[in-house]
Amino acid sequence: MRPARYIVPMLVLLWGCASPDHAPAGHDAAVVDAPDAAVVDLPDAAVVDAPDAAVADLPEVPGPVELGTGAERWEPLPRDGGQLTLVHGPQGGWHVFGRVRLRGVAPDVYLTFTLTPAGGGAPVNLANETVRRQERRGLTLVGEVYESAWSELVILADGVRPADVAGRRFRFGVRVERPDPERMRVLVATDERGVTVVDPGR
């Protein structure tokens, strides 16, 4: 037997056992598969559709001049969306009615009414139809305001036919002036309403 024949393999085995790459594995650190952190599906935050802040339809505060209509008595007109009735006069012309109320204005005024197409253009009523009204001469005291004692005729201009205005939108306005010794007339206030002219005969 040749001892050297077995020495080399034994040395290889001893070296392999001593090698750190083949060192016997110790107990690995305990690895615990802990459950995932609990995820709780909370309900969505309650969303409350609170009602919109209450918007009160406050009544319109009238200015010094308020424009209305009416054949026999005062009839108010809304700021927009009102109606004016077209009337066939006894002399063959056509007109609508206008009235005013005055607050804090001396009862001696000049009134000029206009009926102008909503889309623009010249008035369709007679131009420069200005009338003077005074207390007991076209104006009467009702409570704390002076009011038209009768309806004012806003007459359609020559050549303007009912078909030209019926069913159309207009700006119905009034200009109120007071007499002035130096300048003849001074503007007091104006008022305007969006209206549709209606022809009862159509």
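What follows is calculated from the coordinates using simple rules that are stated; it is not laboratory data. As the structure is a prediction and not an experimental result, all values here were calculated from the model. Counting neighbours? That spans all protein chains shown, and the Cβs are built from the backbone with ideal geometry, glycine included.
Computed quantities for the displayed model
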read-out	value
Distribution of pairwise C-alpha distances over segment 79-146, 5 Å bins, in %	3, 12, 19, 20, 20, 17, 8, 1
Hypothetical label at Glu135: residues of segment 104-118 whose amide nitrogen lies under 13 Å (7 Å Cα-Cβ projection)	104-109
Fraction of beta bridges assigned by DSSP in segment 63-202 that are antiparallel (%, nearest 5)	85
Ranked Asp180, Asp158, Asp191, criterion: other C-beta atoms within 10 Å, fewest first	Asp158, Asp180, Asp191
Calculated over segment 65-198: convex hull of Cα atoms, volume per residue (Å³)	114
Spin-label model distance (nm) - Glu182 vs Ala106, 7 Å beyond Cα toward Cβ	1.4
Ordering of 161-168, 123-130 by packing [mean C-beta count within 10 Å, highest first]	123-130, 161-168
Segment 57-202 - percent relative contact order, Cα under 8 Å, separation 6 or more	31
